[in-house]
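> Below: one structure in structure tokens.
The values are calculated or read from the model by the stated rules, or taken from the named source; none is laboratory data. Note that this is a predicted model, so its numbers are computed, not measured. Neighbour counts run over all protein chains shown; Cβ positions are idealised from the backbone, glycine included.
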Amino acid sequence: MKKLTLLGSTGSIGLNTLDVVREFPEQFRIEALSCRSSIEQLAEQIREFQPRLVCVDKDEQAGELRQIFPDTEFVCGMKGLIQISTDQGVDLVVSGIVGAAGLKPTFSALKAGKTVAVANKEPLVMAGELFMQTAFKAGAKLLPADSEHNAIFQALNNEPPESIARLILTASGGSLRDRPLNEFEHITPAQALDHPNWEMGRKITIDSATMMNKGLEVIEAHWLFNTPVQNIEVVMHRESIIHSMVEFVDGSFLAQMGLPDMRVPLAHCLGWPERLPLKIPRMDPVSLKALHFEAIDPKRFPCLSISIKAAMQGGGAPAVLNGANEKVVASFLEEDINFLDISKTLHSVMQQFYKTISLPEVPSFLKYIRTIEDAVKADQWGREQAMKIMS
Ligand SMILES: NC(=O)c1ccc[n+]([C@@H]2O[C@H](COP(=O)([O-])OP(=O)(O)OC[C@H]3O[C@@H](n4cnc5c(N)ncnc54)[C@H](OP(=O)(O)O)[C@@H]3O)[C@@H](O)[C@H]2O)c1
């Protein structure tokens with residue numbers, strides 16, 4: 001039986017993971033759960049899965065839950081997240097927190113030599129090289145749970161980086177793929193959150209609408225599969241049936257396909273190296289009839305080229321971009337800025353970054369991410385620049 005810590009159990013990744021665990025109670029046991037604010041939902045999960053450990057954000061939340069569940073150990077905040085990610089009784093950590101908040105717990109799990117199913121892409125964007133080196137040194141296994149990266153992981157099936165000619169990430173195009181560009185300024189958060197193919201958390205759904213999500217995924221793929229950024233391409237594929245593909249040096253292409261359902265990549269990580277017989281709706285190739293692929297329109301999706309440039313730059317650039325993006329997406333969701341301000345602000349933050357790193361006196365975290373603290377500082381720098389520009 002595999003013993004699991006689920007970081008972010010009340011989110012979209014968390015709920016999909018619990019669905020898989022529910023189907024295979026003889027193979028998985030939930031040892032630890034965590035959330036930030038969805039305490040009622042968490043209480044239901046504690047009742048059902050009876051974890052030994054639970055992490056919440058604040059002491060008061062823990063105090064209330066202790067009254068209801070006296071046999072469960074409650075821990076709090078970042079210290080608590082690190083504790084449940086490194087607990088000796090845990091074999092597999094599912095990293096499903098959104099944003100930079102998942103950086104330290106995910107990193108600590110890898111450092112402790114755990115197997116980690118990573119959905120939370122932002123930490124890999126911020127400190128990918130450090131993550132891969134740490135996992136290697138600690139003998140930890142990093143399993144890609146993001147659907148595109150899981151598709152590549154399956155298609156690669158342990159082939160070495162030298163056999164890869166190109167990684168091709170597919171993108172649905174998100175909620176605004178067919179909106180006239182002249183309407184973008186007046187797009188509301190509700191419209192941008194209306195994704196045609198996937199039900200996901202709010203931040204990633206906005207990132208899909210701007211295609212920043214695909215930009216973050218290019219950086220993630222670069223580190224996970226040790227592939228140069230220039231060998232990673234993005235194509236639009238409206239149906240979200242092919243989740244990504246690998247072109248090998250001999251001209252063969254391998255793609256992973258299926259209906260868009262996050263339980264598939266999550267179950268692949270949970271069961272790995274074995275496959276679980278999941279009970280889910282199956283793809284019928286005959287009813288599909290056709291699959292479509294289109295080039296990405298750079299005018300519609302400027303965030304993709306902003307992130308590819310940051311990926312090529314390396315050093316602190318991806319972490320700066322990530323921090324700035326988290327800030328502008330939150331501001332858009334709060335209706336403080338309009339949809340077009342997202343890409344405009346990110347462009348200005350990155351211009352400021354490129355100007356700053358050409359100066360003789362530069363904080364080293366903007367040039368190199370050598371430690372987790374460097375990643376946190378670079379992310380914070382990006383947030384601060386975004387705030388200045390937005391105000
Ligand atoms: N959703 C998908 O299908 C999908 C697919 C691929 C990759 N991903 C990646 O997976 C990650 C999670 O996405 P999601 O869609 O599941 O997000 P989500 O639905 O917003 O869920 C986020 C989870 O993290 C918790 N959380 C948020 N901020 C936190 C903080 N500061 N400290 C501790 N916990 C915090 C939330 O707790 P509360 O509920 O209490 O707020 C919730 O449990 C993201 O990095 C995303 O890019 C998601």
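> Would the range 358-366 turn up any residue that is modelled with pLDDT of 95 or more and among the charged types (D, E, K, R)? I'd like the intermediate steps shown before the answer.
Within the range 358-366, the first condition is being modelled with pLDDT of 95 or more, and the residues that meet it are 358-359, 362-366.
After this cut, where a residue has to be among the charged types (D, E, K, R) as well, the list is none.
No, because not a single residue in the range 358-366 is modelled with pLDDT of 95 or more and among the charged types (D, E, K, R).
> Additional query: Kindly establish whether Lys214 is of a type in the set (D, E, K, R) and in contact with a helix residue (DSSP H, G or I) (Cβ under 7 Å, 6 or more places away or on another chain).
yes
> So which residues in the range 40-64 are surrounded by fewer than 18 Cβ atoms within 10 Å (Cβ to Cβ), within 15 Å of the ligand (Cβ to nearest atom) and not in a loop (DSSP other than H, G, I, E, B), if there are any at all?
Scanning the range 40-64 gives Glu40, Gln41, Ala43, Glu44, Asp59, Glu60, Glu64.
> For the range 74-95, give me the residue count where each residue is near the ligand (Cβ under 10 Å from one of its atoms) and over 17 Å from the mean Cα position of the chain (by Cα).
Of the residues in the range 74-95, 4 are near the ligand (Cβ under 10 Å from one of its atoms) and over 17 Å from the mean Cα position of the chain (by Cα).
> Answer with yes or no whether Leu291 is in contact with a Pro (Cβ under 9 Å, 6 or more places away or on another chain) and among the hydrophobic types (A, V, I, L, M, F, W, C).
So Leu291 does not fit the description; no.
> Filter the range 96-138 down to the residues that are within 8 Å of the ligand (Cβ to nearest atom) and under 11 Å from the mean Cα position of the chain (by Cα) and list them by number. Spell out how you get there, then give the answer.
The initial filter retains those residues of the range 96-138 that are within 8 Å of the ligand (Cβ to nearest atom), namely 96-99, 101-102, 119-122.
The answer is Gly96, Ile97, Val98, Gly99, Gly102, Ala119, Asn120, Lys121, Glu122.
> Something else: Do the conditions hold for Lys327, that is, is it in the same structural domain as Ala386 (by TED's automatic domain parsing), crowded, with 20+ Cβ neighbours inside 10 Å and either of a type in the set (A, V, I, L, M) or assigned to a helix (DSSP H, G or I) (or both)?
Judged against the criteria, Lys327 is a match.
> For the range 153-263, which fully contained helices (runs of 4 or more DSSP H) count at least 1 residues that are closer than 27 Å to Lys279 by Cβ?
202-210
> I'm trying to understand the selection: among the residues of the range 334-391, which are among the hydrophobic types (A, V, I, L, M, F, W, C) and surrounded by fewer than 17 Cβ atoms within 10 Å (Cβ to Cβ)?
Leu340, Ile357, Leu359, Val362, Met387
> In the range 298-318, is there at least one residue being loosely packed, with under 15 Cβ neighbours inside 10 Å, not in a helix (DSSP H, G or I) and not assigned by TED's automatic domain parsing to the domain that holds Ser175?
Checked against the condition, which is being loosely packed, with under 15 Cβ neighbours inside 10 Å, not in a helix (DSSP H, G or I) and not assigned by TED's automatic domain parsing to the domain that holds Ser175, the range 298-318 yields no hits at all.
> Look at Leu42 and say whether it is out of contact with any helix residue (DSSP H, G or I) (no Cβ under 6 Å at 6 or more places or on another chain), in the same structural domain as Ala138 (by TED's automatic domain parsing), closer than 23 Å to Met262 by Cβ and not charged (D, E, K, R).
When the stated conditions are applied, Leu42 passes them.
> For the range 23-39, which positions are among the charged types (D, E, K, R) and either under 23 Å from the mean Cα position of the chain (by Cα) or not in a helix (DSSP H, G or I) (or both)?
Within the range 23-39, Glu26, Arg29, Glu31, Arg36 meet the criteria.
> In the range 211-240, what residues are among the hydrophobic types (A, V, I, L, M, F, W, C) and away from the ligand (no atom under 16 Å from the Cβ)? Show your work before the answer.
Step one: filter the range 211-240 for residues among the hydrophobic types (A, V, I, L, M, F, W, C), giving 211-212, 216, 218-219, 221, 223-225, 229, 232, 234-236.
Hits for the range 211-240 are Phe225, Val229, Ile232, Val235, Met236.
> Right, something else. In the range 1-39, which residues are of a type in the set (Val, Ile, Thr) and more than 10 Å from the ligand (Cβ to nearest atom)?
Within the range 1-39, Thr5, Val20, Val21, Ile30 qualify.
> Report every pair of residues separated by at least 6 positions or lying on different chains whose Cβ atoms are under 7 Å apart, first residue within the range 74-89 and without any contact (Cβ under 8 Å) to a residue 40 or more places away in the chain, second within 12 Å of the ligand (Cβ to nearest atom) and of a type outside the set (A, V, I, L, M, F, W, C).
Between residues of the range 74-89 that are without any contact (Cβ under 8 Å) to a residue 40 or more places away in the chain and residues that are within 12 Å of the ligand (Cβ to nearest atom) and of a type outside the set (A, V, I, L, M, F, W, C), the close pairs are Cys76/Asp57; Cys76/Lys58; Gly77/Asp57; Met78/Lys104; Ile82/Lys104; Ile82/Pro105.
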